1. As an exercise: evaluate ASP151 against (1) free of Cβ contacts under 8 Å to residues at least 40 places away in the same chain; (2) closer than 22 Å to GLN89 by Cβ and give the number of the one condition it does not meet.
2. Could you check how many residues of the range 1-41 are part of a helix (DSSP H, G or I) and either within 16 Å of the ligand (Cβ to nearest atom) or surrounded by 12 or more Cβ atoms within 10 Å (Cβ to Cβ) (or both)?
3. What number of residues within the range 105-151 satisfy the criterion of being in a helix (DSSP H, G or I) and within 20 Å of the chain's Cα centre (by Cα)?
4. Of all residues being more than 12 Å from the ligand (Cβ to nearest atom) and buried (at least 17 other Cβ atoms within 10 Å of the Cβ) in the range 48-78, which is nearest to the chain's Cα centre (by Cα)? Just the residue, please.
5. Could you please find all residues in the range 128-142 being closer than 20 Å to ALA176 by Cα and at pLDDT 95 or above?
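The values are calculated or read from the model by the stated rules, or taken from the named source; none is laboratory data. Bear in mind that the values here come from a model prediction, so they are computed numbers and not experimental data. Neighbour counts are summed over all protein chains in view; Cβ atoms, including those assigned to glycine, are modelled from backbone coordinates with ideal geometry.
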Amino acid sequence: MSNAYRTNLIQKVLDKSEGNTWNEAVQEWMIDDCEEDDSLESSCICGKEELRYLFTIRNVRNGNTLFPIGSSCIKKFDRADLNEEVSIQEKLFKLFHAIEDGSFITLSSEFFSRKLLKYLYDEGVFQANEYNNYDPEIDYEFMLKMFNKRDKDSITRNQQRKINAIIMTSIRPYLAEQLINKIL
Ligand SMILES: [Zn+2]
């Protein structure tokens, strides 16, 4: 990141924060929303062009918002919780596109993470049905177990079939509903 971008970022954030130093100011913000701009026509508040993921961040002390801000600027806040959320949001978009493109989805770190699976579980994404004895946690535990397998070749054909079924019946409808209006 060039110095001009960094200076712009610091100025924009400080202007809308209560704290007077960068270290104070970065503690005041949370991630509010994320959209995807496929055409890469948007620019970050720092001035950097060709942004794909357009985050909105909100100041929890005064309600101010900043938009659009890119992930590399959010990383400058040096907050593990924000970085985690950025990673989850971006993976949700990537996973949705891969499903819509009909790609073969493996439980690799390209689309998934332990935190992402936990996020989906907490969001109530996994559906209760006759295959999991109406206990969605069983599907969550299964997906986690498959993700944790170091050797993905050891995933059997039946297991892959079950992965695909969970993706299509639980994860896809959720992503479609959540993201359809967030892709510009
Ligand atoms: Zn930026």
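1. (2)
2. 19
3. Matching residues across the range 105-151 total 14.
4. The residue in question is ARG58.
5. PRO136, ASP139, TYR140
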